[in-house]
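First up is the structure itself, then whatever we jot down about it.
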């Protein structure tokens, strides 16, 4: 699996280009406003974008959807509960299914709390968390559809994955652009709420 983390937009967003090294097929997670930067990365890696996935429906994560689809022909995927925010979506997920691109199989994890239809994607020890989990923090819940206890339950679920799982967040809000679940268990400021404890 090839992973390119791409800084986009004006809110310290990250988009992700995730590719199959054998077939050179790829998906883009959360295309922000800088579509040309995403397309440039795909050309550099010799990848063909075959799928566009939104972890949730907020505009800073979906701004590049239409333009990227028009340039690549790739369908747009979002959870059904966030689909009203992305009326042009081609696929509305209603279950925790697998997304396949080339030889890659990514597990969809429904992780509501930041939004009702928030999802994370998990494959080969890589976890793309959108605005569910940041490095050292978590997504906000004071926007419409947000719910703090629900987000806490979603993050507790993520914390049960192997501790060496790499966390790829939707924003560059932490001390590093990525981390691991083991690091988050020890250092995330909300770790006690998730049932874990900060290191001494």
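Some values worked out for this structure:
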| quantity | calculated |
| --- | --- |
| The one condition in (1) out of contact with any strand residue (DSSP E or B) (no Cβ under 6 Å at 6 or more places or on another chain); (2) in a loop (DSSP other than H, G, I, E, B); (3) closer than 20 Å to residue 108 by Cβ; (4) free of Cβ contacts under 8 Å to residues at least 60 places away in the same chain that residue 81 fails to fulfil | (2) |
| Unmet criterion (only one of (1) buried (at least 21 other Cβ atoms within 10 Å of the Cβ); (2) touching a strand residue (DSSP E or B) at 6+ places or on another chain (Cβ under 8 Å); (3) farther than 18 Å from residue 26 by Cα) for residue 128 | (3) |
| Within the stretch 31-62, tally of residues that are under 18 Å from residue 143 (Cα atoms) and either surrounded by 21 or more Cβ atoms within 10 Å (Cβ to Cβ) or in contact with a strand residue (DSSP E or B) (Cβ under 9 Å, 6 or more places away or on another chain) (or both) | 8 |
| Those residues of the stretch 34-61 which are in a loop (DSSP other than H, G, I, E, B) and under 18 Å from the mean Cα position of the chain (by Cα), in sequence order | 34, 54, 55, 56, 57, 58 |
| Positions within the stretch 97-121 being in contact (Cβ under 8 Å) with a residue 12 or more places away in the chain and surrounded by fewer than 17 Cβ atoms within 10 Å (Cβ to Cβ), in sequence order | 103, 105, 107 |
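Read-outs: derived from the displayed coordinates by stated rules, not from any lab. All of these numbers come straight from a predicted model, not from anything done at the bench. Here Cβ is always computed from backbone atoms with ideal geometry, including for glycine, and neighbour counts include all displayed protein chains.
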